[in-house]
1. Under 7 Å between Cβ atoms, which residue pairs at least 6 apart in sequence (or on different chains) link something in the range 1-23 that is among the hydrophobic types (A, V, I, L, M, F, W, C) with a partner that is part of a helix (DSSP H, G or I)?
2. For the range 1-15, which residues satisfy the criterion of being more than 20 Å from R114 (Cα to Cα) and open to solvent by less than 80 Å² (accessible area, probe 1.4 Å)?
3. R79 passes all but one of (1) without any contact (Cβ under 8 Å) to a residue 60 or more places away in the chain; (2) touching a strand residue (DSSP E or B) at 6+ places or on another chain (Cβ under 6 Å); which number fails?
4. Determine which member of the set E45, E32, E9 is among the acidic types (D, E) and modelled with pLDDT of 95 or more.
5. If we only count strands (runs of 3 or more DSSP E) wholly inside the range 24-136, which ones have 2 or more residues that are hydrophobic (A, V, I, L, M, F, W, C)?
Amino acid sequence: MAIPDFIRELRTLIGDRLLWMPGTSAVVLDEEGRVLLGLRSDTGEWSIIGGIPEPGEQPAAAIVREVFEETSVRCVPERVLLVEALQRVVYPNGDVCQFMDICFLARAVGGEARVNDDESLEVGWFAVDALPPMEPFAVARIKQAAMDEPTWFAGCGGELGDG
């Protein structure tokens, strides 16, 4: 996975200590209601598309950029699905991060789904009732998108999607 330059610079100052990071993800749907997924090169699991905003970059702009960089698909964010602090991640090199994920529902508006960088081994469109095995992170977000409910905020009662 590519490490943004600003994170490399921070790591020279803080070492491998916990770094609190913004993150964006998206459930991108096409005109047929299929969801765009990528087979991640770091975990080998299928997932929705996501990434880290650059300093000063707006979250919606970041996810539009990330989706295009990773899949060559152009999309338009339509609404925020959820906001959630994720569990800490310890990378193989010992770096520790924790992400605050803002997940968007987005509509594909152009481009052909293909691997467009080194973050995915495969990309493709999947019917919601025929998803490949994937990480719980992605399943929960796709479930939230299908429910067409207001934005879900972790820590405010109920499990994801329970209202």
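1. L19/L10
2. If we filter the range 1-15 for residues that are more than 20 Å from R114 (Cα to Cα), which is where we start, we get 3-15.
Those that are more than 20 Å from R114 (Cα to Cα) and open to solvent by less than 80 Å² (accessible area, probe 1.4 Å): I3, P4, F6, I7, L10, R11, I14, G15.
3. Condition (1) is where R79 drops out.
4. On the way: E45 fails: modelled with pLDDT of 95 or more; E9 fails: modelled with pLDDT of 95 or more.
Result of the check over E45, E32, E9: E32.
5. On the way: elements: 35-40, 49-51, 74-85, 96-110, 120-126.
Where strands (runs of 3 or more DSSP E) fall fully within the range 24-136 and carry at least 2 residues being hydrophobic (A, V, I, L, M, F, W, C), they are 35-40, 74-85, 96-110, 120-126.
A quick yes/no check of all residues on (1) within 12 Å of the chain's Cα centre (by Cα); (2) surrounded by fewer than 17 Cβ atoms within 10 Å (Cβ to Cβ); (3) within 20 Å of L18 (Cα to Cα):
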{"residue": "P59", "(1), (2), (3)": "yes, no, no"}
{"residue": "E70", "(1), (2), (3)": "yes, no, no"}
{"residue": "C75", "(1), (2), (3)": "no, no, no"}
{"residue": "G94", "(1), (2), (3)": "no, yes, yes"}
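The values are calculated or read from the model by the stated rules, or taken from the named source; none is laboratory data. For clarity, every value in this text was computed on a predicted model and none was experimentally measured. We place every Cβ from the backbone using ideal geometry, glycine too, and count neighbours over all the protein chains shown. The accessibility values were calculated without ligands, DNA or RNA, using every heavy atom of the protein model including side chains. Shrake-Rupley method; radii C 1.70, N 1.55, O 1.52, S 1.80 Å.
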